[in-house]
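The numbers here are math on the coordinates, done by the rules we state, and not lab data. Owing to the predicted nature of the structure, the values given are computational and were not obtained by experimental measurement. Using ideal geometry, Cβ is built from the backbone for each residue, glycine included, and neighbour counts are taken over all protein chains shown.
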Amino acid sequence: MKWISQDVETYLTAKEYVDTAVVPLYPVSLGEGMKQSAAAVEFITLLTAYLEKQFTGRILLFPPFTYLDSEQWDNILSDIHKWEDSIVASGFKHIFYVTSDLEWRSREDELNGTLIWLPSIPLEHMNDSQKLTMIDSQVKQIITIFTQKWHKND
Amino acid sequence: MSKDRVSRRQFLSYTLTGVGGFMAAGILMPMVRFAVDPVLKAEAAGEFVATKQKVADLTNEPVRVDFTYKQKDAWYESDVTESAWVYKDDAGKIIALSPVCKHLGCTVNWGSDKAHPDQFFCPCHYGRYTKDGTNVPGTPPLAPLDVYPFKEKDGYLYLGKAKPRKEA
């Protein structure tokens, strides 16, 4: 389910079925890294949207957690821990983070949820059907991470 | 010069009939269009979208067919890609099923559950459907998968808007 009023309404009536929160992590940088940051956001947006389509009934796609690249990591982590606490408190059993920011790889242990890190693929020169095939193949691999995680707990 | 000369009376009656006919047609045409408008509307709503799937290539094994159409969300127009599971049944009739689970809307896959290789399987809450799209009792879904109306044109498959089935 997406973070739109119609889907959230469905979520509220079917809360017991939707036990997984997906939070995209968007780094924002200005200046030199701007273009790269935009490409990463574009890629993760498309990918999470497709992921949501596959698992509509069990995941809630959160608005992205966005942070400045230049921000202190201690602050970023303390912010995300606040998100985590609220998400868990509202009844979600699983949290998945989707990002292409490499920095998270080394901080995976500090997260309570599962980190899915993917190298960002530039989409600017692709046509729609190429994008779809590419995202489809990426999501196919991620799907198993989800199903495995669910299987363990069901 | 022609031998049968047109008399003034004849000329006037011909022109009057002609002009009168045009006027009558001008008045009647919009009225007729209004009267049959619902028929024309229904055709526009049942728009069919072309897919890349050749009808001749279909077998009795369901395949995923993707197709794209334009969707408008407020001012934001975007291409939406949807899929269908298409196969031919034993009688050779084409069946096109919507992959959207009737439980909470996940995407179902064909044969992805190892215990039930000849069923549609929803990975979210383990819902299952038989090959004809009927929901398996005891699993979460409460209705059979929607069906796409289809058309064949130049050997390619065209799909319409998925419709829910009445029998449950």
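Details
- Residue-span extension gain [residue A:105 to residue A:77] - 0.36 nm each, minus C-alpha spacing: 8.8 nm
- Per-residue ellipticity at 222 nm, computed for the protein assembly as shown from helices alone with -39500 (n - 2.57) per DSSP H run of at least four residues, works out to -12000 deg cm²/dmol.
- Put simply, chain A fits an ellipsoid with semi-axes of 24, 21, 14 Å; these come from the alpha carbon gyration tensor as the roots of five times its eigenvalues, largest first.
- Separation in nanometres of the label points that stand 7 Å from Cα toward Cβ, at residue A:14 and residue B:156: 3.3 nm
- Around residue A:124: net Lys/Arg minus Asp/Glu count, Cβ-Cβ under 11 Å: +1
- Mean projection of the Cα convex hull over all viewing directions, computed for the protein assembly as shown: 29.2 nm².
- Among B:73-82, B:135-144, the peptide with the highest mean count of other Cβ atoms within 10 Å heads the list, and the full ranking is B:135-144, B:73-82.
- With R₀ fixed at 22 Å, the C-beta to C-beta distance from residue B:34 to residue B:163 puts the FRET efficiency at about 0.20.
- Rounded to whole Å, sorted largest first: equivalent-ellipsoid semi-axes of segment A:7-82, Cα gyration tensor: 28, 16, 7
- Long-range amide H partners of residue B:53 with built H, under 5 Å: B:157
- With the simple spin-label model, which puts each label point 7 Å out from Cα in the Cβ direction, the residue A:88 to residue B:52 separation comes to 4.5 nm.
- Low-density loop cleavage sites - GluC sites (Glu not before Pro) in segment A:1-55, where at most 13 other Cβ are within 10 Å (DSSP): A:16
- Normalised by the number of residues in chain A, the average gap of Cα pairs under 8 Å and 6 or more apart makes the relative contact order 29 percent.
- Residue separation of residue A:130 and residue A:153 scaled by 0.36 nm, minus their Cα-Cα distance, works out to 4.7 nm of gained length.
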